[in-house]
Amino acid sequence: MMKTFVNISLIALAIVSFSGCYYDVEEELYPDNKATCDTTALNFASVKPILDSKCTGCHGGASPSAGIKLDTYTDTKAYLDGAAATLVSSVKRDGNASNMPQGQPKLEACDISKISAWVVAGYPEN
């Protein structure tokens, strides 16, 4: 009787354990943005709407937060050159600069890809 109870308990435990397992389809969990996110032929005019909607609310105008101004190409370029090159790290949130936008969700993957591709391309103005 005890042996039967133990066997039934083990079978029930196995069924419950395996019923919690499922197969995650990576493509469903992490859709590939490259198919729908055009990162070719980018210039400042194509990334400016992203900056305007996510960045210049704090980093624009007469008194930008932390003195970082992203209103114009010249202002933005200052954070892409040399030791001050923090824009991409900030939006990627890779730990090398302050996470931006601060206190807000991370930018969408496509927006990050566009900014990164623009910078890799040498951040053309127009």
Order the peptides 44-51, 59-66 from the highest to the lowest mean number of other Cβ atoms within 10 Å of their residues. 44-51, 59-66
Output needed for the range 25-120: three equivalent-ellipsoid semi-axes, defined as square roots of 5 times the C-alpha gyration tensor eigenvalues, in descending order, whole Å. 24, 15, 13
In nm, what is the difference between 0.36 nm times the number of residues separating Y73 and M2 and their Cα-Cα distance? 17.7 nm
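Throughout, read-outs are computed from the coordinates displayed, never taken from laboratory work. None of the values given here were measured: they were computed from a predicted structure. Because the Cβ atoms are built from the backbone with ideal geometry, glycine has one as well, and the counts that use them run over all protein chains shown.
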